[in-house]
Structure formats: structure tokens, C-alpha cells
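Each remark here refers to the structure printed beneath this line.
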Amino acid sequence: MASQKIKILIVEDEILIAQDIANRLSTINYQIVGIAASTERALELIIQNNDIDIILIDIILKGELDGIELARIINNKHHIPFIFLTSHADTSLVERAKSVQPYAYILKPFNDRQISISIELALVNYSKNTPQKELIKKQIFNKTDNQVLQIKDSLFLKKNHHFERVPLKEILFLQADSNYCTVSTKSERFVYSMVLKKIEAHLPINQFLRVHRSYVVNINSVIGFEGNMLFIGNKKIPVSKTYRNKVFRLFHTI
Amino acid sequence: MNKYINPFKYKRLIFYVFLYTSFSFSQNIEKIDSLLNTLKTDKLQKKEQVLTLREIAGQHPDLNTALFYAKQSLKIALEIDDSILQAISLEEISLLERKLGNNSLSFEASLKALKIYESLKMFEEQAATYTQLASNYISDEDYDIAIQYLKRAKKVYADSDNLQNHTLTILNLGEAYRLSKHLDSAATAFQQTLHLNKTLNSDIVQGYSQGNLGMVYNTQNKLELAEENLNDAISILRPLEDYYSTSVYLAELGTVYNKEGKYKLAEAKFLEAHSMAKESGLKEQIRDFNAFLTNFYEEQKQYRKALEYQKQFQIYQDSLVNKENVQKIEQLKAGYEIDKRESEIDLLNITNTNQKYWVTALTIGVSLLLLFAYLLYRGNKKVKVANASLFKREQEKALLLRELNHRIKNNLQMISSLLNLQSHELIGHPAKEAIVAGKHRVEALSLVHRKLYQEELDTRILLKEYIEELVLGLFHGYKASFEPNFKIDDISVSLDTAVPLALVINEVIINALKYAYININNPKLKLILQKDKDFLDIEIIDNGIGFNANEAEKNNSFGIKLIYSLIEQLEGVIKKLHSKNGTHWKMTIKLA
């Protein structure tokens, strides 16, 4: 198991729109865990799938609890970032929507670009813990594939207009190559046009360790060492003099 | 009715004998107070008011105030149109004016009263008035007229049974004759009164008749008769304590003795008269007796005494002159006071009338104000109600419009979603492209609506923001690996312009993204929208493989047709400029 698709739940009672959104998201490599037409159904799906990354919620839903009430429950119990879908009908609704602090909005009628932007925005805001304050903010889409976000125990890496989730424990090491950086997992390699130092900043220091000018390793994935070389997977990673003491202090020889 | 008879008048020694009972001063005050109280508190009839006021006038020690009440009395009498009461009031006024020295006013009042009595044939009252008038004329030393009036009175009384009045009138007539030097007529008159008094048997009539007769005899130098009559008069009047008359007769007797050469007796009588006058405080008499004594002592060559009495005479003369002055001033003051009172009354009336006007005006004003307030309130209420309903309607309208926009956006979303869903099912199918193109067209339209109703309900849209998002959306949708280059003016356009323009740009950009960049290493696209007065210049430049009309028509004939049609709708022109590399579209449209 390597990188995972980001899992999205869609809560929308207009089934054609829900399916359209599902189609569009699938096309750009997101995984749809389900479509719920009501708050109750949405809560069932959330409980069944404990690894949902983002929820898209239409504000106006049939039933007793609308999208805003659902968002309130999610905020209180589940702590999952959510995005409001709305055609922005009246101000009182918008005020209520703001009160539950959504991480992004998608305004109907939307297109592919708006969906991509809002997902990126929601992830960025969630990782920084800054809810979206304005409904009508000009949303700038970050063109470059250099977004790295750490949310919970995963790294969210942007690639080809979409994000992928890489659990931290899956990462073996990161390798710098001039302005690029390669993230190696057990099964895949991701190349980012981003300096190593910038990615390193998003990694937990008790789990990742700089061993060389060009290498950051996952401590837990080290399976052995010989001289100034660390064995990770089937690769040998050099340890430079600068970091040697610090590195080998962690690995006590018997 | 009270009667007043003036029995005689001596030059400089004026006698008025009032035959009605007089009250003491303090009694007068009490009476007046009680009368005033009655007038104020009791609801008297008008007639009673007239009589009460007249009585107050008769009692009041201050002549001015008395006159005021008398006039009030007359006023009410006139109001109730009672002739007798008017006459009574007029008589009172006449008397008071007389006392105040306003003789002409007094005559006027008396004559008015007389007229009333004549018309009513009230003879006794007429006679009384004649007497009053006569008394006035005597004061003015107009004895002939006085005598005529007294003769008339006498005639009236002769026909009546009123012996007393008849006698007193003759007595007055005699005095008038005496003063006008008709001494024989005077003597006859006094002899007649003495004759009549045998039946009447009045000491006063007896005393006055004899005293006056004595004075006549003295003037006629019938000294013995004079001495006899004067002595009788003094002996009758002295016990009656009529010091005034007594002192006058004593002095007269003194002159008789003086003429007779009985100087001792003369001196004794002069001194007695002098001391009596002094005791009784009769200043005018004191002055006159001083003059007598001065003359007497001069004749006797007792110059020291003469000087002494001359001095006393001077003192009393001065005092009396002063008194006259004071009286004159008092009269002037009285006149002024009356004027003042009258003007005050007028003023009060005017004030009263003014107040009435004010109250009326105020009432009308307040009524009008209330009316206006009510009308204003009603108008306001109406306006409020109208405003409220208008506001409600506006709100409903806004709500409906929002709901409508919501539905438009939702439906546009549905159309777009339907096309998108269908395109997914048509993988590899030739129709897919048409469906996708349709989807993009719908999305271009949708974007207008999303932008339009985002914040305010408006019919204009910001060109730059909208076109940029449209183009970026297409770049995203077609997974373009480069960024477009924008140069767009910051202007707003109407919905009527925005929709066709969006569709035109949509087609041009899609065409470029689909066909222009095949095997192009460094793809570029530039979009220029600039306002030129009432026109908008649009340039879309790419560095692609160039545009071949024939080929394009084959590939996307509908798109090209759409562009030309919409430009026509926008009243614009479209040109494809010659370019070395790629395609350069230039369009000019009219800004609505």
C-alpha cells in the first residue's frame, strides 16, 4: 500500500448534480466514498468510513437537518474538513453557513476548475486551521504542483491538479535533486518541483531525519547500516559527516 | 324720597338746611360697608341694585367715589329702562356734582330729572327739583332764575297738602328776594312764612323766618324791628344748637347795635358770634367776624385790636383761599379720577372684548390644530401602512427574485451536469465532443449568472473578473499546460453584452486549445479587451499552427457560425488579421 487517493463524501440531494460532481472528481483521481441525499445518510456513511478526507455538503438538503446542521455535527464529532456547495440564495443562510466555519465554498453553477480550487483551498485551510471567512473571495488556483500539506498522519501532495495522500509511515526517504525533490514510498516515487528543505518543514521531526545535504529519511524505515550508509528498502543512503553523530546516536549498536 | 330744602342764603354766609336725618361719620361707614356687601354678595334685582348704589352714593363721605356709585346706579337704571329710577339717580348726581362744584353738570342732571318727572306728571318731585335748581342758581348768584323756579315750586306745593314744603319753599323764595335786594318782596315772603308757621309750628321755620326778616329790616335800616326779630331768632335757634345760623344772626345783631351806636353791645355780639364760630369751627364765619371786628375796632380807633383781628382775618382768609385752592385741586383730581375710572372701565371692557376674541381665536386655533393633527396622523398612518405594504411587497419581490436566481443557477447547473454525465457515457463516440462543447457553452452562460448574482442584484458584470475566470476555467478543463496572458480593461458590461461575448470568447478559446497548439513548444495565448469610447475592442492572439478556415469549418463549423452570428447580434465586426505564427482575431463590438 502506497499513496492513497483522497476520499470524498458528497452530500447532495439533487442526484444528477451529485453524480456529475462524482464524475468530475473521479476523473481527476479522487475517490468518492459515497453520495448521501440527506444528513442522516451522510452521518451513517461518515461512521462507516472512518477515513474520509473531505466532505462536500450542499447547504440546502431535504429533511429536518440541513447542510449547515450537518456541518455542525461534523465539527463537533468528526473533525473532517468540509466544503459547502451553494447557489447562495439569501443572506441569512450565508450568515448561518459562516457560523459553522466551512473550509471552502463551491458556488453553483460550477465547473471543473472551481471544484479543484475549492478542494485545494479546503485542504490548505484545514492544515493551517483557518476556516474560509469569505464566501465570495477570488479563489486563486495554485498552478504549480508544489503544494505539500500535512494533515493528521498523512502528507497531502499535489500532482496533476489534484492531491494525493501519502501516509507518513509509508514514506521511506526524500531525495533532493537540484530544484526537484523525490518522495520515495514503498511502492512509488513522487517528483516535486520543490526544494527538499520546504517539504522537510512539513514533516514531524521525531520521525524524519536529515542525514545528508540531499536526503531526509524516515527513521522507522531504516533497516540497517554499514559504515556511513543507511539501508532503507533496497536503497543505500549516505550519511554525511555533518549529520553522522546525530544519526548514529539514534542507532545503538549491540 | 328725601327732600332737601335750602331755606336761605346770605351773601358770603351760605346756608343749606338739609331736612333729612344725617348719620354720624362712623355710622355712615358702617352703612356703606353693609350696603356694598349686600351689593356684592346678594343676588339683587337690577332695581334694587340701582337703589342700593344710589344710597351708597348718598352716604359716601368721598364725593368722587359717591359720584362713581351714583353714575353706576344711573347706568343700571338706563339698562332696565326705568324712568323713575333714572330720575332719582340723576338727582343724586346733580347733588354730588353741585358739591364738587361742577355746576353745569349738576344743572344738566337736574334738568334731565325734571324732564322725566314732567313727562310722568310727578308734580311733587318736579317741585323738589325746581327747588334744587333754584338752590344751584342762588349759588351762582343768578337770583332771577332761582326766583322763577322757586315760584313754580311754590305753586306746586300750594296746590298740594304739603304745608311744610310749601312753607320752606316760601322761606327760600324770601331768601332769594333778599339776596337780589328785593327787600319788600323778601319781607312779605318771611311774614307769610311766619303766618303759615302758626299752623306748622316749627321752631326752625320760626327762627329762620325771624332771623332773615331781621336781616332784611337791618338792610332797610328798620333797626328796632331788626333787633327784635334777630333776638327772637337767636333765642329760638341757640337752644337748637344751630350755631351756624345763631352766630350769623348774632353778628348781624352786632351790626344793628353798631348802627344804633350801642358799641358795647355791638362788640359783645361780635365777640360772641366770633367765639361761637370758633367753638364750632366755622372758618368762613370766623374770617367774616374777624373782618367785622377789624372794621369795628378801626371805627372805634382801637387800632391794636383792629390789627389783631386783621391778622386773624388774614390767617383765615389765607387758609380759606388755600382751602378753595385745595377744593379746586380736589375737583380737578376728581375729574381726573373719574376720567381715569371711566377709561379703566373702557379698558376693562376692551380687555374683556379682546379676551373674548382671544378665547374665540384660541378655541378655533386649537380646534384647527387638533384637526390638522388628526389629519396628519391619519395621513401618516396611511403613508405608514402604504409604506409597510410597499416595503413588504419589495421584500417579497426581492425574495422572489433571489429564489428565481437560485432556481436559474440550479437549473443551469442541472443542464451542465446532465451534459457532463452524458459525455462520460460517450467515451470514444463522435458525439462526445459536441456534448462537451455544449457543456462548455452552458458553463460560460452559467458563469455569467454566477458572477451576476453573487453579491448585489445587478444587471451589470465586471468584465475583467468574468473573462479571466471563463478563460482559466477553459484552460483548466482542457488541461492546458500554460497560462493565458490577459490585458483587460476594468469595466463593467451589461448582461445583454456579457452573454454573447462570453459565448464568442468561449468558442475562440476552445478552438485554440483544441487545435492550435499541436506540436507547439512554447504555447502562448493573449487576450486583449479594451474600451474605445462606445466600443469594445477584442483581440485574441495565439502562436499556434494557424487557422485554416476550411479546416476549421470542417472541425468546428458550428462554433465558427456561432461566433459570426453573435458578433452580428452585438452589432460588431470580426476580422482575422494576418499573422506569421498562429491566429489573430480582432473584433469590435458596440457597448450597450
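The values are calculated or read from the model by the stated rules, or taken from the named source; none is laboratory data. For clarity, every value in this text was computed on a predicted model and none was experimentally measured. Reconstructed Cβ throughout: ideal geometry from the backbone, glycine too, with neighbour counts over all protein chains shown. Accessible surface areas use protein heavy atoms only, side chains included; no ligands, DNA or RNA. Shrake-Rupley method; radii C 1.70, N 1.55, O 1.52, S 1.80 Å.
Other protein chain C-beta atoms within 10 Å of residue C-beta, averaged over B:510-520: 0.
Once A and B are treated as a pair rather than alone, how much accessible area drops out, both sides summed, in Å² to 100, probe 1.4 Å?
Numbers: alone 13260 and 33730 Å², together 44210 Å².
Roughly 2800 Å².
For the pair B:LEU348 and B:LYS181, a Förster radius of 51 Å applied to the C-beta separation gives a FRET efficiency near 0.45, rounded to the nearest 0.05. Inter-chain Cβ neighbour count for B:467-473, averaged per residue, equals 3 (cutoff 10 Å, partner chain atoms only). Look at the Cα gyration tensor of region B:398-523: its axes a ≥ b ≥ c give a/c of at least 1.5 with a/b at or below b/c, and that counts as oblate. Counting only protein heavy atoms and a 1.4 Å probe, region B:142-209 has 46 square angstrom of accessible area per residue.
What is the gain in length, in nm to one decimal, between A:LYS197 and A:TYR243 on full extension, counting 0.36 nm per residue of separation less the C-alpha to C-alpha distance?
Extra length available between A:LYS197 and A:TYR243 comes to 15.0 nm.
Accessible area of A:LEU93 (1.4 Å probe, protein heavy atoms only, ligands and nucleic acids ignored): about 30 Å². May I ask which residue of A:ILE6, A:ALA18, A:HIS78 lies farthest towards the positive end of the charge dipole of chain A, with charges of +1 (Lys, Arg) and -1 (Asp, Glu) on Cβ and the Cα centre as origin? It is A:ILE6, whose Cα lies furthest towards the positive end. What a 1.4 Å probe finds exposed on the protein assembly as shown is 52% carbon and sulfur by accessible area, rounded to a whole percent. In a Debye calculation with equal point scatterers on the alpha-carbon sites of the protein assembly as shown and no solvent, what is log10 I(q)/I(0) at q = 0.06, 0.10 Å⁻¹? Result of the Debye calculation: -0.60, -1.10.
What is the gain in length, in nm to one decimal, between B:VAL383 and B:GLN569 on full extension, counting 0.36 nm per residue of separation less the C-alpha to C-alpha distance?
Details: separation 186, 0.36 × 186 = 66.96 nm, distance 4.62 nm.
Using 0.36 nm per residue and subtracting the Cα-Cα distance, I get 62.3 nm.
For region B:412-431, a decrease in accessible area of 20 Å² or greater in the assembled protein chains relative to the isolated chain, with a 1.4 Å probe, applies to B:GLN413, B:MET414, B:SER417, B:LEU418, B:ASN420, B:LEU421, B:HIS424. Taking chymotrypsin sites (Phe, Trp or Tyr not before Pro) across region B:164-261, none is in a DSSP loop with at most 14 further Cβ atoms lying within 10 angstrom of its Cβ.
What does the highest-first list of B:138-151, B:422-435 look like by mean Cβ count within 10 Å? Don't jump to the answer; show the numbers that get you there.
Working: B:138-151: 18.6, B:422-435: 12.9.
Put in order of decreasing packing, that is B:138-151, B:422-435.
Taking a ≥ b ≥ c as the square roots of the eigenvalues of the Cα gyration tensor, region B:195-320 is classed as oblate, since a/c reaches at least 1.5 and a/b does not exceed b/c.
First measure r as the distance between the Cβ atoms of B:ASP82 and B:LEU390, then evaluate 1/(1 + (r/R0)^6) with R0 = 51 Å and state the FRET efficiency to the nearest 0.05. Numbers along the way, then the final one.
Details: r = 76 Å, r/R0 = 1.49.
Computed FRET efficiency for B:ASP82 and B:LEU390 comes out at 0.10.
Relative to the dominant Cα principal axis of chain A, helix A:39-48 is inclined by about 20°. Would you mind getting me the FRET efficiency between B:ILE427 and A:ASN160? Use the beta-carbon distance for r and R0 = 25 Å, nearest 0.05. Rounded to the nearest 0.05, the efficiency is 0.80.
Placing a pseudo-label 7 Å from each Cα along the Cα-to-Cβ vector at A:ARG213 and A:GLN101 gives an inter-label distance of 4.4 nm.
Around B:ARG304, what is the net charge, scoring Lys/Arg as +1 and Asp/Glu as -1 over all other residues with Cβ under 12 Å from its Cβ? Cβ neighbours under 12 Å give a net charge of +1.
All other residues with a Cβ under 10 Å from the Cβ of A:ARG210 taken together, and with Lys, Arg as +1 and Asp, Glu as -1, what is their net charge? Could you put the intermediate results ahead of the total?
Numbers: positive: A:LYS197, A:ARG213, A:LYS246; negative: A:GLU200.
Computed value for this residue: +2.
Compute the helix-to-body angle for B:83-100: its Cα long axis versus the longest principal axis of chain B, expressed 0 to 90° and rounded to tens. Result, in degrees: 70.
In this simple spin-label model, placing a label point 7 Å from the Cα along the Cα-to-Cβ direction at both B:LEU371 and B:ASN221 gives a separation of 9.7 nm.
Estimated at 0.36 nm per residue, the fully extended path between B:ASN325 and B:GLU465 surpasses their Cα-Cα distance by 39.0 nm. Taken along the Cα-to-beta-carbon direction at a fixed 7 Å, the label points for B:LYS121 and A:MET229 span 17.6 nm.
Helix B:25-41 and the long axis of chain B differ in direction by around 30°, with both axes built from C-alpha atoms.
Residues of B:398-409, mean number of Cβ from any other protein chain within 10 Å of their own Cβ, rounded to a whole number?
Details: counts 1, 2, 0, 0, 6, 2, 0, 3, 8, 2, 2, 8.
The per-residue average across the peptide is 3.
Average accessible surface for region B:288-351: 70 Å² per residue, computed with a 1.4 Å probe over protein heavy atoms with every protein chain in place. Among residues other than B:ILE541 with Cβ under 15 Å from its Cβ, the summed charge is +3 (Lys and Arg +1, Asp and Glu -1).
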